[in-house]
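What follows is calculated from the coordinates using simple rules that are stated; it is not laboratory data. Being a predicted model, the structure only gives us computed values, none of them experimental. Positions of Cβ are generated from backbone atoms using ideal geometry, with glycine treated the same way; all protein chains shown enter the neighbour counts.
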Amino acid sequence: MTDRVERSAGWLPRPSLILDAGCGPGRDLARFRAYGHVVRGVDLNPVFVAMARAHAPTSQCDLREVGSRFPAGTFDGIWASASLVHLAENETVDVLGQFAGLSRPGGRLYACLKSTGRTGWLDEPDGRRWYTVWGQDEFAAAVTEAGFEVDRVDPGPYVEVWATRKGSAPER
């Protein structure tokens, strides 16, 4: 994912305020900071939140409630790397709308989620997790409906969508 962080970091003026939505232990928070950005993280897992705080301010948050955690239009960029995969389709659509509300006009979104396999519970070495699998066209359409313009879709086992919040970017 290093190349995607680099691409995303270069897609935004420095310094930009970026939300890492589902930041895990903070790996990407540290990477964005190294590129000169200001970052905030949210994650549901309290162990990950504690680890991520070593890299940037991070709070425990269910992504389904992220829109209530920050004022509207706060972020220049939102990074949702493999975090939406654990939500049902209707929940993902709702969270994408919350991301649009949290983004400044002209703000950027990177989101990726599973596009192979099947939707359902998966037993993994560290626990059981829910996965929702999306087709790339369906996910791109959901991002558009949420209030973003899709700039690029990269297919693969995880479909990656690069998008811009509709509206003009404010002067800074």
TODO: Averaging sequence separations of C-alpha pairs under 8 Å and six or more residues apart, then dividing by the length of the stretch 1-71, give the relative contact order as a whole percent.
DONE: 28 percent
Open item on the list: Placing +1 on the Cβ of each Lys and Arg and -1 on the Cβ of each Asp and Glu in the chain, which of Pro157, Gly135, Gly77 has its Cα farthest towards the positive end of the resulting dipole?
Closed with: Gly77
Open item on the list: Explain nothing, just the number: dipole magnitude of the stretch 1-120 about its Cα centre with +1 on each Lys and Arg Cβ and -1 on each Asp and Glu Cβ, in debye rounded to the nearest 20.
Closed with: 340 debye
- [ ] Would you calculate, for the chain, the mean residue ellipticity at 222 nm contributed by helices, counting each DSSP H stretch of 4 or more residues as -39,500 (n - 2.57) and dividing by all residues, to the nearest 500?
- [x] -8500 deg cm²/dmol
Task: Fraction of beta bridges assigned by DSSP in the chain that are antiparallel (%, nearest 5) - done: 50 percent
Task: Ranked packing of 22-31, 50-59, most packed first, by mean Cβ within 10 Å - done: 22-31, 50-59
- [ ] Pick out, from Ala52, Val42, Gln98, the residue whose Cα sits farthest towards the positive end of the charge dipole of the stretch 1-151, with +1 on the Cβ of Lys and Arg and -1 on the Cβ of Asp and Glu.
- [x] Ala52
Task: Unit charges on C-beta of K, R, D, E only; dipole of the stretch 60-157, Debye - done: 160 debye
Open item on the list: With a cut-off of 8 Å between alpha carbons and a minimum separation of six or more residues, what is the relative contact order of the chain in percent?
Closed with: 18 percent
Task: Gained length - Glu145 relative to Leu17, 0.36 nm times residue gap less alpha-carbon distance - done: 43.7 nm
- [ ] Sort the following peptides by mean Cβ neighbour count (other Cβ atoms within 10 Å, averaged over residues), highest first: 103-112, 156-165.
- [x] 103-112, 156-165
Open item on the list: Once the cut-off is 16 Å, how many percent of the Cα-Cα pairs in the stretch 27-80 end up in the long-distance tail?
Closed with: 41 percent
Open item on the list: Could you give me D for the chain, from Stokes-Einstein at 25 °C and 0.890 mPa s, where the hydrodynamic radius is the Kirkwood radius over C-alpha pairs? Units µm² s⁻¹, please.
Closed with: 154 µm²/s
- [ ] Give, as a single signed number, the net charge of other residues whose beta carbon lies under 14 Å from the beta carbon of Gly117, with Lys and Arg counted +1 and Asp and Glu -1.
- [x] +1
